[in-house]
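Scroll down for the structure; my scribbles are underneath it.
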Amino acid sequence: MPPENAHVGPGQTFDPTVGGAGNLSSVWKRHWEADPQARQIHDPDRGWLCRGDLESISATLAGRLARLGLSPGDRILISAESSSDFVASYVACVRMGLVVLPTNTAYGARELTHVVRDARPRAAIVDDPVRAELLAEIAPELHRLDPAIVLPDGPTPLLDSATPESPIFFFYDSATT
């Protein structure tokens, strides 16, 4: 069994109650602001990303998503392997109040068709060109992005303001597809 807090940098801890209550992303932001230079995520190519890096990168990505026309409450499908880009794009989505549809990377046409037709996402973050093409066939109007969200920057939208009652996830599993 991994040690407690094995998912954060060496010697670091994460206490979600630090700084009081709030929504998930506001708790994250308080955590990042408490020690912006602390290591947060290790990327095999870039090395460690600090907490301040994750805050800044996720705000930039949120601006790009907003420039694309996405706004709080819109649904976004995410189907990507684990990477620092995946984490940053996921955090950007939650920070701007999008409803994330985490989708198994092994889903094929039948499962993706069900999720897209049922949940009606406005965009999809996918890291596989075959899945991106499949999504284009299922829903040509769907914005398809890679996890780095390579788009022109836009103004940073209001972040971390969703209420605790706001939905941030829709989960589908093999029993629902």
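Key figures
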{"read-out": "Residue match in region 78-91 (condition: under 29 Å from residue 42 (Cβ atoms), in contact with a Ser or Thr (Cβ under 6 Å, 6 or more places away or on another chain) and among the hydroxyl-bearing types (Ser, Thr, Tyr))", "value": "yes"}
{"read-out": "Residue 64 vs. criteria open to solvent by 20 Å² or more (accessible area, probe 1.4 Å) and more than 20 Å from residue 157 (Cβ to Cβ)", "value": "no"}
{"read-out": "Region 106-128, residues that are surrounded by fewer than 17 Cβ atoms within 10 Å (Cβ to Cβ) and either in a loop (DSSP other than H, G, I, E, B) or in contact with a strand residue (DSSP E or B) (Cβ under 9 Å, 6 or more places away or on another chain) (or both)", "value": "106, 108, 119, 120, 128"}
{"read-out": "Residue that is more than 28 Å from residue 26 (Cβ to Cβ), at pLDDT 95 or above and of a type outside the set (S, T, N, Q), where the choices are 98, 134", "value": "134"}
{"read-out": "Conditions (1) of a type in the set (D, E, K, R); (2) more than 22 Å from residue 166 (Cα to Cα); (3) open to solvent by 20 Å² or more (accessible area, probe 1.4 Å): number failed by residue 51", "value": "(3)"}
{"read-out": "Where residue 155 falls short, out of the listed (1) in contact (Cβ under 8 Å) with a residue 60 or more places away in the chain; (2) surrounded by 17 or more Cβ atoms within 10 Å (Cβ to Cβ)", "value": "(2)"}
{"read-out": "Qualifying positions in region 67-85 - out of contact with any strand residue (DSSP E or B) (no Cβ under 9 Å at 6 or more places or on another chain) and open to solvent by less than 10 Å² (accessible area, probe 1.4 Å)", "value": "none"}
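Yes/no per residue for (1) at pLDDT below 95; (2) of a type in the set (Val, Ile, Thr); (3) open to solvent by less than 50 Å² (accessible area, probe 1.4 Å):
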position	(1), (2), (3)
1	yes, no, no
7	yes, no, no
20	yes, no, yes
26	yes, no, yes
33	yes, no, no
43	yes, no, yes
47	yes, no, yes
57	no, yes, no
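The values are calculated or read from the model by the stated rules, or taken from the named source; none is laboratory data. Keep in mind the model is a prediction, meaning the values are calculated, not measured. In this analysis, Cβ positions are derived from the backbone assuming ideal geometry, glycine residues included, and neighbour counts consider all displayed protein chains. With ligands, DNA and RNA removed, areas are computed over all heavy atoms of the protein, side chains included. Shrake-Rupley method; radii C 1.70, N 1.55, O 1.52, S 1.80 Å.
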